Amino acid sequence: MSASGATSLHGAIDSFLRALKIERNCSELTVKSYSEDLGSLLEYLGEYAGGVPAVEALDIASLRGYVAYLHECQYARSTIARRLACLRSFFRHCCREGLTTANPAKALRTPRAGRKLPHFLTTEQVVKLLETPPPLSPAGLRDRAILETLYSAGLRVAELAGLDVEHWNRDAGIVRVYGKGRKERVAPIGRFAAQALEHWLQVRKPKPSASPKQQKALFLNKSGTRLTTRSIARMLEKYIAQAGLDQLTTPHTLRHSFATHLLDNGADLRSVQELLGHKSLTTTQIYTHVSSERLRETYEQSHPHARPANPRPKAK
């Protein structure tokens, strides 16, 4: 607190981030995201609003100025919406902890986000990508196992990076996954992914001097320690280029492709929700729009009366 007894905004933010990590058991990635969003507010206040006030002095006018600044900087509506949600959570924490008496973020209106369909690959493109890693080198065997597992189980890249060898049950054909908020779920592993994992484990060599946590990681880097999400993303970028696929493809694209292909082949929405580990069915429903778009495209390309290439001549 300052000399006047008011809590500084920096101090309130530190308190909020500690609560996220300790009380709500949020992942490091989530805490980092909240920290960056609140850091954006601090940057705005410091450079454009005359300085960073105590948390109690931060009012609705200041926050509206911040939102206007985000729009002027041409941030995406989804980014602005996320930062407003962060502010609401932050001020709820401050009110609960007695750091302030009001929640000025409560009155802020969230911009309506346009519905963006997720990018996915066709089954032919997925096969092409999965076959790109070299089949004989240890790195190639590892990368093939990573790509097969991402697609076979529909994992987030952070979930895959967090897998340990013991999380894979060979007999049951499943992996035990820890998703957002350390929520546990079971994901099935198909025979192609299982075969790729078996080949990788035959050459997997953890670093002897590494910590037990590092040694038990399922996927290792060339130093014999746990592979990071960034390393996985870089690896995929390399194979995307080699396969000649769309540069919009990311590790998450394989998760999108997993869900889309399941629905295309008759899986029900509730099952896909369970497999993806989505808390809300609404989140999963976006993939029904993808399948509907594909169905429409197939209809227009295949049905002779849908969109004829050569329209009938008008009668004279």
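The values are calculated or read from the model by the stated rules, or taken from the named source; none is laboratory data. Note that the structure is predicted; figures quoted are calculated from it, not measured. Counting neighbours? That spans all protein chains shown, and the Cβs are built from the backbone with ideal geometry, glycine included.
Identification of helices (runs of 4 or more DSSP H) wholly contained in the range 225-316 with 1 or more residues that are within 22 Å of His119 (Cβ to Cβ), more than 22 Å from the chain's Cα centre (by Cα) and at pLDDT 85 or above yields 229-243. From the set of residues in the range 223-249 that are of a type outside the set (A, V, I, L, M, F, W, C) and touching a helix residue (DSSP H, G or I) at 6+ places or on another chain (Cβ under 7 Å), which is farthest from Ser211 (Cα to Cα)? It comes out as Gln247. Counting the residues of the range 68-94 that are surrounded by 14 or more Cβ atoms within 10 Å (Cβ to Cβ) and closer than 25 Å to Ser8 by Cβ gives 15.
The test for being in a loop (DSSP other than H, G, I, E, B) and not aliphatic (A, V, I, L, M) holds for Ser209.
Of the candidates Leu160, Leu99, Leu84, the single residue that is of a type in the set (A, V, I, L, M, F, W, C), in contact (Cβ under 8 Å) with a residue 60 or more places away in the chain and more than 30 Å from Phe192 (Cα to Cα) is Leu99.
Determine which member of the set Thr132, Thr123, Thr79 is under 20 Å from His252 (Cβ atoms) and free of Cβ contacts under 8 Å to residues at least 60 places away in the same chain. Going through Thr132, Thr123, Thr79 in turn, the sole match is Thr79.
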